[in-house]
Every structure is written in structure tokens, then in C-alpha cells.
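Written out below as C-alpha cells is the structure these notes cover.
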Amino acid sequence: MLDVSLRHKFAGFTLDAHFTAPAGVTVLFGRSGSGKTTIVNAVAGLLMPQTGRIAAGDWVLLDTDRTIRLKPHKRRIGYVFQEARLFPHLTVRQNLAYGAWFAPKSAPRESMSRVVEMLGIGPLLDRRPGALSGGERQRVAIGRALLSAPRLILADEPLAALDEARKAEILPYFERLRDEVSVPILYVSHSASEVARLATTVVALDAGRVVAQGPAHAVLGDPSILPTGARDAGAVLTARVARHHDDGLTELDAGGLPLFLPRVRAAPEAQLRIRIAAHDVILSRTRPEGLSALNILPGTIQDIRAGDGPGTIVALDTAAGRVLARITQRSAAAMALEVGATVFAVVKTVSVASGDIGGGAKRQS
Amino acid sequence: MLDVSLRHKFAGFTLDAHFTAPAGVTVLFGRSGSGKTTIVNAVAGLLMPQTGRIAAGDWVLLDTDRTIRLKPHKRRIGYVFQEARLFPHLTVRQNLAYGAWFAPKSAPRESMSRVVEMLGIGPLLDRRPGALSGGERQRVAIGRALLSAPRLILADEPLAALDEARKAEILPYFERLRDEVSVPILYVSHSASEVARLATTVVALDAGRVVAQGPAHAVLGDPSILPTGARDAGAVLTARVARHHDDGLTELDAGGLPLFLPRVRAAPEAQLRIRIAAHDVILSRTRPEGLSALNILPGTIQDIRAGDGPGTIVALDTAAGRVLARITQRSAAAMALEVGATVFAVVKTVSVASGDIGGGAKRQS
Amino acid sequence: DEITVFAAASMTNAMSELEMQFEAATGHDLVVSLAGSSALARQIQQGAPADIFISANPDWMDRLEQDGLVAADTRFDLSNNAIVLVAAGTDAAAVTVGPDMDLAGLLGDGRLAMALVESVPAGIYGKASLESLGLWDSVAPQVAQTDNVRAALAFVAVGEAPYGIVYATDAVAEDSVTVVGTFPPDTHPPIVYPAAAMAESDNPLNQSFLDFLRGAEARAAFERQGFVVVAD
Amino acid sequence: MTDWLGPAEWQAVALSLQVSFWATLASLPLGIFVAYALARWSFPGKQILNGIVHLPLILPPVVTGYVLLLTLGTRGPVGSVLADWGVVLAFRWTGAAVAAAVMAFPLMVRAIRLSIEAVDPKLEQASATLGASPIWVFLTVTLPMALPGIVAGTILAFAKAMGEFGATITFVSNIPGQTRTIPSAIYAFLQVPGGEDAAVRLVIVSVVVAMGALLLSEMIGRRVAARVGGA
Amino acid sequence: MTDWLGPAEWQAVALSLQVSFWATLASLPLGIFVAYALARWSFPGKQILNGIVHLPLILPPVVTGYVLLLTLGTRGPVGSVLADWGVVLAFRWTGAAVAAAVMAFPLMVRAIRLSIEAVDPKLEQASATLGASPIWVFLTVTLPMALPGIVAGTILAFAKAMGEFGATITFVSNIPGQTRTIPSAIYAFLQVPGGEDAAVRLVIVSVVVAMGALLLSEMIGRRVAARVGGA
Ligand SMILES: Nc1ncnc2c1ncn2[C@@H]1O[C@H](COP(=O)(O)OP(=O)(O)OP(=O)(O)O)[C@@H](O)[C@H]1O
Ligand SMILES: Nc1ncnc2c1ncn2[C@@H]1O[C@H](COP(=O)(O)OP(=O)(O)OP(=O)(O)O)[C@@H](O)[C@H]1O
Ligand code: MOO
Ligand SMILES: [Mg+2]
Ligand SMILES: [Mg+2]
């Protein structure tokens, strides 16, 4: 439970942000220049805000009222910077080992070899950062932070420089950190799918102020408060792994409704969080037949909200939870949708992309 | 028409790439560390490859056989670096104006005010780069390159640090450059939607070698050669703007088939390129009724190719062109799909996200 | 045993001959520190471990005496020297040094190279001579002063200055200058190198070294270097 | 004030300022050029150039002065050529300035070179891609970014020039109003018993001047650094 | 070889190396400390410290030597205290080393300070977030990244120490085997007729030694820079 309350004025920008980051991953979400890096720097102790308080329980990192300002090196933070910041005079291996040096002997540690393998940086270990590509640098930076046995991880767009496949490989690691190591993570991202997958809590920022905060499904489910617009709206559901099928699909049980996903590496009975983007949902008045889509969720319309464009967000109450569909106003009219009506949400199995699957709090792997 | 042929050895990496970049945008696409930045640096003249030739017609930038090695400043290249590289001692305004200084007076120029407005950096003009956020820095870097009146633009993941909304604002500018200014653009990207939207040509790289090159629709349509995997497969179609409807939709004519999109800023009769991601397509054996999806394309199955996971890519021949659908093998079996069968592709209007719409070669705006 | 002598740097050659002779004759070690007389005197004031001081400048020896740093009854004037007028080149015409000498005319718009006329002994003596000959005022604006005699000699040797005033001992060894005249000894205070034992030194060798300095061997050595040894 | 220092001393102070100022200013372009060449180029004889630049630092100043006298004196190989062009250094303040410049040169070059080496070549590359020829890259990127070091090096050289004595007096003697700088005057005072007071007064003047220059350079350096910011 | 230089000259060469080596080595830690303080801290009196460090550069060396004589000499306020502890500098090679160190100190500090200022504070921040206390940040990031400048500054100081003369001879005189360094020996030779040849031989020795040191520093600097690469 990290309480953050900050006020800081730059020449042309004022940060005035207050939020609480519970256990798990708190994603700071907001447009370029909205103050995300500034907040993260304040938590790391690299920026001393004019006034503010940052504390996790009785571990007080900063309290300008009581003039407590913990030095950065006493904060035990693993910070993945927006721009790598590798040590140019050290090899990749030495960069990775750097933080472990300073960590208390008793601190729980990641194994170097595991992190190296996960990040795919084995062949780079003896090089120096000068001879790495942009993405390689960022992967090493992630490894360096993870290996410092931190009490808190700060990650400022750690995956922005990576390709989709690499992202898909590294994201689960952050999930594992969240679920197993229980290190709180403050994560800056522009990407709704990253947010949905990782976030326990989302803090949406705009021009230095918190415009929304809450559980991922609440914030992402409300397009009106999403600073990045309706394109990122979607629902986050919790489901239980029912069984794995031989054809590579995993069947989930979402409040009694079956949901099919490409094989998920999770044991039966595990709880998963999945994201269904609003723009991936098709609605039908009747139960559709002969479609390639495997997932059909019946539900009742709770809310219809027209957006600024030609779109409408329709919120359904299904047995699996609240599901959002982004459809055109034309279709809504043609289908005579109204609150209370029963409709079927058609979700393509594969549209529940793996990037949107996250392990729930109790997931075992 | 830029011919690039390069061979260069680093300690642990060999680049051996040959490709031709026709007019328009050529996207270098490939995983982290595959050699994209190395190629771009060679074109810019910052890396002198051991052997190679780079030429656009009789404008020879490099020819190691004839020992021609044009100096970087003679190449008139607008290079947006992977890491901004703004001049820290100059204000944002001075950074932007820097290249114009050196450009021949006769060179066609962008207007500063237009670029500033497009990039949303008006309020930053009198600041220095030290006081900018990561995304702000990258936007200024884009502006600086655009304003240098270049004969060739190199962009190394220019949008990676930007949020979706900002990306959506800046992408059209690159499109406009491609279409109106007819400056050839070599563009490095990890993002399939950026690729689909911008690319005239795609050059797919893996481990320093070109594994595929060709028009965007061909490369992106073939998941087997996509270095980033099937997740990025999709079809790129060309369509004509038919009319704009009052409810905010634009109707396209794609080979006689109507396609509805959220309002596109393009005059009727304009040619558009649109992307339909394979995972956004649902197949149906019968023409579906009562669905919220407005776009239904009848077609004949050309090809069914099982992927490595539980998925299958089904290629349809429709009047609009080749369309790809990524569905589960289970559905394919259940629906008894086979080559030659007639099926209906259901495409959600809004799933053709604006990020996937691109102006065709003759687009007017 | 060992005895430490602080000697004016212009004695360098003479001292190295004396060193060999003394060591050969007595089997003792002679340690010679060579620097400007002013530096040596100040060091002695600050407690330098000098047993004997040989100054090029009587003023500094006077100063040490006032400070009570000179052992009673050990000071004597060691050797003598002359100052000469040198001209650039090997075949310069001799001039008669006297009140009628047209030094300003000889110089033309050239410079007269001298050691610092207010503070370095050779310069002080040279200025005194010129003054007593009544020539000083006519040449003063053309004097180029240096921090030591050798530097003044160098100006003449390279032809930068047509004339210079230096010690006779310096002039003999320089091939590219000609001694064109010698200043009469009565035009300047006697050029002497006072030597004395230091009050704070209790080195038993002091007296024997001072005696050695006065001896025939030392005298011969000084004369070989061009000094004129002061008669007791 | 005028009582405190006699007119001769004031003359020495003014001359020292003049000599140091011109010594520094005139050697700055060459200093920057040499520093750049040593920092960024590789060419045959680079180490020799580097060595020559450093010689005045290594040699006792008297030796340097003597070498200057032999080469730049009116009869010297270089000096005679200069004399034909009407440039006479011997016994002139200009010669004092040359001596001071030569002695201060290694310090200036070292400082400038280090700060040029610290300029990120990636920024120079960016400048080149934007169309700047090497000379423009240098003028618009390298030079302004190395400015703190250039200022530091210049002031250091100025301070050194203010203190230079051995080479100056050996090369151009000690002529009031022409070549009697503060250090020469101090030296003269220190040679005679009782000259300490006058020497101390001149020491104070030169300390005050040099400290002022240092403070100025710190201020300029800080302002430049602030402009460049944490980027 | 032994014929070429007499035993007394060899003694001077050996002594100069010894004096310069220890002068440089012993002042290095303090030099790094002061350079760091000037580069990264702000504290009252910073400009005064900066000024004091630069004094030996500004003052004629004779004055510096005289000040050393007055303070560190056996009768001086500091020297007498040191003498009580059994540390005698006056007229010993240790004193020569102190004089050389004091004269070389500003050069060392300047070079080190510039290279410390060139270390990107963002890397130091990264180090701190990884748990390194300020001293470890310094040891593991600042110091190694500033290494080229530290090497440069050290060699510069060594070269200066090899050439130092005025302060040395004024402070600790010119005693063979104790304080007669190469420059002092050269001085003595230059004071008398016929000493030029021996002086030239010693000049050659000191040039060779200092050039060797410079070359070494260039090589080390280049190797370090290559290691750090274009990052
Ligand atoms: N100077 C160098 N020495 C050795 N290897 C190098 C050097 N520069 C780059 N490489 C290697 O060359 C490969 C290609 O690098 P490049 O920067 O072109 O990759 P990239 O495709 O741009 O990757 P990214 O998307 O991560 O930026 C990488 O494996 C990198 O480690
Ligand atoms: N030192 C500074 N002086 C003045 N303004 C600053 C300074 N540092 C940051 N800013 C401004 O503060 C705002 C927030 O910056 P911050 O780096 O926190 O943004 P961000 O949300 O991380 O953006 P991005 O996604 O682009 O990295 C920006 O508008 C930026 O220009
Ligand atoms: O060294 Mo002296 O004191 O000029 O003869
Ligand atoms: Mg940021
Ligand atoms: Mg790259």
C-alpha cells in the first residue's frame, strides 16, 4: 500500500497528484507530458518535490511536513528508466550484477540466469552497452532493476522500445513479479493492453492531475475518463481455468459461462484476469449460429453511451461480469438496442489476445 | 527508388541486407537486434559499412567498389533517431530551425508553424530539451528532421515513445509526406498497425538478413514470413471513398463491396488503403443477420494454413481483395472449412481502427 | 663526515672543483647547494642546515649578520671579480671604458643587457660603474635587465643586444661575444663573495673548510675559473 | 591607492594585464584548433604535436625562454623572418605576451581538449545528418557544448600568464613599461633584503586579479551549464 | 650511458623521478576529492577553496616557494608542528615533493574536475536507485567514468612536477641527493660558463621522461575511452 501525494511546480507545468497504490501493479496511464515520469522520479527520490508525502505503511520515503526525505539509495527501488541509463563502462553482466552488490544479504533475490534467459540477453553478457541495439539496451535495463532485490519496482515505459513478440515474452515476468514476489510495481505505460494485463490499479493522469484511479476494469471500462480516448476501452473479467483441450485451447469458466482462449500456461482452477477490448465485441440480438467465434456471452444491456464519433459504448451485464462493446450508432439504431434488452456478445477466441491475459492474484504456475 | 545493399560485420553480428525501396514509405520491420538501426545508420552515412552500395538512381550515396562515400552532411537526410538526440544547448525552437539553416535555399520546405502545431509542441518552443518529457523530446526530434528539407527521411521507431492518441495525430503527417511531398521514407517500426498504415513496401529483417520484402499487403499477409509472428498478420485492401453518411460513418467501395468506417477525412472518390487484421475477422458459413457488425464480405476460401498454436489462418478471395482471418482450428473443424468453400467474413466497422487507415497513392485531403 | 655549503649559483664551477679537492684532501663529504644568494639567505633565516654560506652579494651576508646568524669572526671576503663590457660577435672593436666612452652611441637603438640593476649583484655593480662614469642617465632607458648575469650574456651572445655588462668570469667562456672593455675596479664597490660559517652550525669541519677556502689549492681553483682572489 | 603602489608598480600591473589578456586571446583560436585536432582526429605525428604542446610545462621556464630567444629572437630562424615582416618581439610587450602564451598553452589545450572529448559524438552526427558540414558541426554543436571547458581553459591560461616569469625574463628581459610584468617586479624585489613589503603588495594585486578572473569563469561556467541543463 | 651523464646528473634524474612520482601519487586522492567537491557540491567558501587551489598557478613560483618556506619550514607555524611529529620537509626530498605537488595541484584538479563534470548525473542517479550510497556511486560510476580525465590530470601533474623549479629551489634549496632535481641541476649548469652542454643533456632526459609519461597517458586514455565506447 503506497500512498503518494505530490505537489511540484515546473516553469510551465504543475504536478498535483494524489493516489494510493495498493499491492500489485499500479499503472500510471496518461498522455505524453502528463507527469508520469515526474511522479516516478519523485518516488525514486531523484526529484525532491516541493511538498508531498510518499509512504508505504510506516515506511516513509518522503514527508515534507516532517522533513523526511529518504535518500534514493536507501529506498531500495528497482527503477527501469525511460532511457535505459546503462553504465557504459561496465559490461552487460556487470550492469546486471550491479544492484545485487548493494542489496542486503537477506533480501530475496532473482536468479541471474533466469532473468538473463527470460530477457534473451545471454549472448550480450560480455558486451558493453555502446554496442547494443535500442531494444537490447532496454532489456538489460529491466534485468538490472529486477536483479537489485528491490522493495518497489518503478518501470517507466519499459517495453516501449520492444517488438510485440519480445513484449509478449517479458510481460509475464512482470506478472510473475506481481503475483509471486509481491513486490509492488509502479508502471508507466501508454498501452491499454499492457495496462489491462498488468494493472491491479490504474491511475489515469492528465496535465499533472489524477483524473481517475481505481481497479483496472473500472478505469478502462469508462471511456469518458480514459485520457487516451475510447479506443482503449474494454472490460477486465476474472475467470477460472476449467480445463485444457487437446487442440491447444484453454477453456475458462467465467461466472458459469465458457470462454475459450489459446492455451494459457496456468493450472486448472487458477484464477485469470482477461481483457475483452470493447472494439473486439460484436453484438447480436439472437444467438448467432455457424460463426467461427467460439465465445458467446448472453447479457442484459445496462448502459448505452454515445461517444464523440460515430461510435457507442454498450455495457452489458453478463454472468461473467460487465462487458463493453464498441459499435456504431447506426448498428445500435438498426438493432433497436435499449437498456434492459437481452443481447449476445460475440467475442472471437483469438481476439482475446495473449497480451490481454493476466494471472489473477492466486494464479499458480 | 533507393537501392540498398550492405554487408557489415560486428563482433557478434553480421548484417547482410539487400533491398530496394521504391517511392513511398519503406518500413524496416524486425525484432529487437535484427539490424534495423544499423541499416538506417549506413544510409545516413553514420556507419561506413565494410562493403555496400546505396543509391537512388544516379544519386549514389555509397559505393565501396567505386570508393564513393558521401559525407553525412551531403546526403540531405532527415533522420529521426531512436533516442531523440536533441541539441541540449539550443531551445526547442532553435533545434527545429537547425536543419533549415543548412538546406539549399531552393529546397521545398515545411512551414515551421504547421509542423509545430501538428506535433503539439507550441508551448515548448522556448524550453531546452533538458526540461522535456520523453515523448515531447521525440516529437521535437521528428519536427527537426521534417524541417530540414530532406531528400530522404529516416525514422527509427519515431513513435515508440508516444501514446496512442499522439501516434494517431502524427501518423497522418508521415502519410502526407509520403503522398504529397513524395520524399522517400525509410521507417523502422515494431508495430504492425503502423506498418500496415504507412508502408508502401515492407522489408522484413531477421538476424541481419532480409527475410521478406515486397508490398505491405503481401508481406503482412504471409504470417510465415512475419518475423514478429502470426499476431501481426492481416490484409491490406484498397478501397474508394463512396460517400460520407450523416451518422459519422464513411462508406467505402472495395471492389463493389460496401465497407463502413468511422468518418475518414478524405474526399469522395479518394483511394484509401485499409488494413483488416486477421484476428479481427470472424467467419460465418451463412450470411449472418442481426449482428452489430456492418461489414460482411462474402468470399471463397483460397488457403487454410495451421499455425504453431491453436490457430489457423484462412485466406479468402473476396471482391474487395484477399482477406485473412485468424480463427481456431476447433472452429475451422466445426465449420468444416475447406479450400473452395464460400464463407462470409464479418468485420466490425470499428475494428478497422483509424490507425489502420491510410491514404492511397492518389489520396487527396 | 659531511659539511653543507650554501653557495651562490655563480660559483657553480668553482665549487665543483673545490668539492673534489676537499673530499680528496680530507675524506669528508662536501655537500653544496647552489641557488640565488637571496634564496639561500632566506632559507638560512628559516633554519636551513647550512654550515657555510658563500654569498655573491654582501648585502645578504650583512643581513644574516644582523640577524645573528653568522658565527662570530668567521666572515671573510673570498674572491674577486671584474665586470666587463661585452659586445656581440667575435671581432667587435675594443673600447676604452671611461667617462668619455660613447656607450649610447655604440648602442644606437640597441639594448644594453645587464642583470637586474637594483637587485642582482652584477647589475648593481654595473649600474654603480656607469653612474660613477656619468654614463648611466644616457643609457638607462636602453637597459634590458635579466634575472641573472648568464641571461644577460645570452642576449649578447645571440645578438639580441649589441652590448652587455657581465662578470669577467662569465665572459671568458662564451665564444660568440667579445670582451671590449673592463670597468675600472674603482668605479664600483669591490666585487666580493663573502663567506662565513653559520651561527647555528656546530659542525666541527667548519673551520677546516674555511681554512681550505683560503688555501692555495682553492685559490688556484678560483683563478682557473677567472676569479681574482682577494688578498687578505 | 596610488600611494600604496608606486607608479612603477602600477605600470607593471597594467602591463601584466595587457600581456596576459593578449596572450590568452591570441592563443585561443590556435588552442581550440589544436585541442580539437588532438581530441577528434588521428593523424601521423599526433603524439609529437601533443608532446610539443606540453613541452613548456615540462621544461624549466628558463629553458623555454632560452629556446624562444634562440628561435624568435631577431637573429633566430623564425624571428628574422618575422623581423622582415616588421614584427619584432624582442624586448617588446608583444614578446612577453608570446612567452606567456607559450607557457600557458598546454594548460589551455588540455582543458579544451577534455571538454571537446566530453561532447557526445552522437550529437555531432545528428548535426551532420541535418546538413551541417564538419566546420558547422564544430561551430554549432561542438564549440558551444564545450564552452564551459573553453572558458575554464582560457581563464586558467590567463591566470598562468599573469604568473609567468622565468620564460618571460629570459626571452624579453625586464624593461619597465615593456616587459616588466608583475612577476618580474616581484622577483626583483625579492632579490634584495627588505624588498618583501613591495613584493607582497604586488602579490596581493596579482592574486586579486587572478581570483577575479577565476570567479568570473566559474560564473560563466555555471551559467552555461545551467543553460545546457540536465540533458 | 653512464659516461654521457655523470653520477651527479644521474642522481638528479633519479631524484626527480622519485620526487615527481610521490608528489603526484600522494596528491592524487586529495586532488580527486577537491575536484569532486568543486564539481558536484556547493558549500560556503567554495570559491575561496577554488582560489586557493589555483594560487600556485597564479603566483610566480618563487613566491609560492617562499610562502612554503615561511609556513612549512622548520621555523614556520605548520613546519614546527610537523617537526614535533617527526616530519621534516625542509631541505629534504619530501619537501621537494611537497613543492612539486603544490605547484602541480591546480593542473591536476582542473583536469579531474572537468572530467567529473562531464559524467552524466543521470548515470549517478541510476546507481543510487540501485542502492549505491554516495560513496559507492562515486567509486563505481563517477570515478571509472572520469578515469580518462584523472589519468590525464595525473600525468599532467607528473610532467609539471618534473619541470618544477622555482618553488622547489626557493623552499628546499638545491642539495645534491636531497633536493637537486633535474631543473635545479639545469639551473646550476646554466649559471656558469660552459655549463650548457650538461644542461642540454638534462633537458633531453626530462623531455624523454615526460614524453614517455604523456604517451602512456594517451594510451591509457584511449583504451579507457574505447572500453566505454560510443555509449
Ligand atoms: N558497435 C557494435 N558492436 C557489436 N555489435 C553491435 C554494434 N552495434 C550494434 N551491434 C549489434 O548489431 C545488432 C543489430 O543492432 P541494431 O541496432 O541494428 O538493431 P535494431 O534492429 O535496431 O534493434 P532495436 O529494435 O532493438 O533497436 C544487435 O544485435 C547489436 O547488438
Ligand atoms: N525540468 C523541467 N522544467 C520544466 N518543465 C519540465 C521539467 N521536467 C519536465 N517538465 C515538464 O513536465 C511535464 C511532465 O513531464 P513528464 O516527464 O513527467 O511527462 P511524462 O508523462 O513522463 O511524458 P512522456 O510520456 O512523454 O514521457 C512535461 O510537460 C514536461 O515538459
Ligand atoms: O646566483 Mo647570484 O646571487 O645572481 O650570483
Ligand atoms: Mg516520461
Ligand atoms: Mg534500433
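Derivation of every value follows stated rules applied to the coordinates shown; laboratory data play no part. Computed from a prediction, not measured in an experiment: that's the story for all the values here. Neighbour counts run over all protein chains shown; Cβ positions are idealised from the backbone, glycine included.
Which whole-number value in Å³ per residue fits the convex hull of the alpha carbons of the protein assembly as shown?
Each residue corresponds to 202 Å³ of Cα convex hull volume.
Assuming R0 = 35 Å, what is the FRET efficiency of B:Ala218 and B:Asp63, from their Cβ-Cβ distance, to the nearest 0.05?
The formula returns an efficiency of 0.75 here.
About its Cα centre, how strong a charge dipole does chain A have in debye, to the nearest 20, once Lys and Arg get +1 and Asp and Glu get -1 at the Cβ?
Around 1160 debye, computed over chain A.
Once the dipole of the protein assembly as shown is set up with Lys and Arg at +1 and Asp and Glu at -1 on Cβ about the Cα centre, which of E:Val63, C:Leu106, A:Ala345 lies farthest towards its positive end?
A:Ala345
Run the quick spin-label model on E:Ile52 and B:Ala56: label points 7 Å from Cα toward the beta carbon, then report their separation in nm to one decimal.
Rounded to a tenth, the inter-label distance reads 6.3 nm.
DSSP loop (so not H, G, I, E, B), at most 15 other Cβ within 10 Å: list which trypsin sites (Lys or Arg not before Pro) in the range C:41-108 pass both filters.
none
Name the helices (complete DSSP H segments) of chain D with a Cα length along the long axis of 20 Å or more and a Kyte-Doolittle mean of at least 0.0, or state none.
D:7-40, D:93-117, D:147-163, D:196-228
Which value, in debye to the nearest 20, gives the size of the charge dipole of the protein assembly as shown about its Cα centre, when Lys and Arg are +1 and Asp and Glu are -1 at the Cβ?
7340 debye
Taking the label point as lying 7 angstrom from Cα along the Cα-to-Cβ axis, what are the distances from A:Ser113 to the corresponding position in the remaining copies, in ascending order and in nanometres?
6.5
Can you give the FRET efficiency for D:Trp4 and E:Arg75, using 1/(1 + (r/R0)^6), R0 = 35 Å, r = Cβ-Cβ distance, to the nearest 0.05?
0.75
Using only the alpha carbons, work out the radius of gyration and Dmax of the range D:7-228 in angstrom.
19.2, 67
May I ask for the distance between the Cα centers of the range D:45-66 and the range A:271-331, given as a whole number of Å?
82 Å
For the rotation taking A to B, I'd like to know which residue in chain A has the C-beta closest to the axis, plus that distance in Å.
Spelled out, residue of A and its Cβ distance from the axis onto B: A:Ala160, 2.
List E:Glu218, A:Glu157, C:Glu2 from most exposed to least, where exposure is judged by having the fewest other Cβ atoms within 10 Å.
C:Glu2, E:Glu218, A:Glu157
Using +1 at the C-beta of Lys and Arg and -1 at the C-beta of Asp and Glu, which of E:Leu190, E:Ala23, E:Ser127 has the Cα lying farthest in the positive direction of the dipole of the range E:7-228?
Working it through, the farthest residue towards the positive pole turns out to be E:Ser127.
For D:Lys46, which lysines qualify as cross-link partners when the Cα separation must be under 22 Å and same-chain residues fewer than eight apart are set aside?
By straight Cα distance, D:Lys46 reaches E:Lys160.
Considering the dipole of the range B:2-220 built from charges on the beta carbon (Lys and Arg +1, Asp and Glu -1) around the Cα centre, which of B:Ser193, B:Leu46, B:Thr26 is farthest to its positive end?
About the Cα centre, the residue reaching furthest to the positive side is B:Leu46.
Tell me the distances, shortest first, between B:Arg7 and the same position across the other copies, using label points 7 Å along Cα→Cβ, in nm to one decimal.
Counterpart label points of B:Arg7 in the remaining copies fall at 6.7 nm.
Can you list the copy-to-copy distances for D:Gln47, using a point 7 angstrom from Cα toward Cβ, in nanometres, shortest first?
Label point to label point, same position, other copies: 4.4 nm.
Which residues in the range B:12-39 have a backbone N closer than 18 Å to a point placed 7 Å from the Cα of D:Lys122 along the Cα-to-Cβ line?
B:32-39
What's the exposure ranking of D:Ile58, B:Ile153, B:Ile296, going from fewest to most Cβ atoms within 10 Å?
So the ranking, lowest neighbour count to highest, is B:Ile296, B:Ile153, D:Ile58.
Once label points are set 7 Å from the Cα along Cα→Cβ at both C:Ser132 and B:Lys71, what is their separation, rounded to one decimal in nm?
Each label point lies 7 Å from its Cα, and together they span 7.2 nm.
As a test of the definition: which semi-axes, in Å, follow for the range B:234-358 when you take the square root of five times each eigenvalue of its alpha carbon gyration tensor? Largest first, please.
Calculated on Cα positions only, the semi-axes equal 26, 14, 13 Å.
If you find the alpha carbon centre of the range C:128-159 and of the range E:204-223, how far apart are they in angstrom?
Distance between centres, Cα-based: 41 Å.
Kindly provide the helix-only [θ] at 222 nm of the protein assembly as shown, computed as the sum of -39,500 (n - 2.57) over DSSP H runs of four or more divided by all residues, to the nearest 500 deg cm²/dmol?
Value at 222 nm, helices only, nearest 500: -12500 deg cm²/dmol.
In debye to the nearest 20, how big a dipole does the range E:34-169 give about its Cα centre with +1 on each Lys and Arg Cβ and -1 on each Asp and Glu Cβ?
Computed about the Cα centre, the dipole is about 120 debye.
As a check on your reading of the symmetry: which chain E residue has its Cβ nearest the axis that brings E onto D, and how far is it in Å?
Whole-Å result, nearest residue of chain E to the axis: E:Ala118, 2.
With 10 angstrom as the radius, rank A:Asp303, B:Asp58 by how many other C-beta atoms surround their C-beta, starting from the fewest.
Final ranking by Cβ density, sparse to dense: B:Asp58, A:Asp303.
Distance between Cα centroids, the range E:19-35 to the range B:112-184: provide it in whole Å.
50 Å
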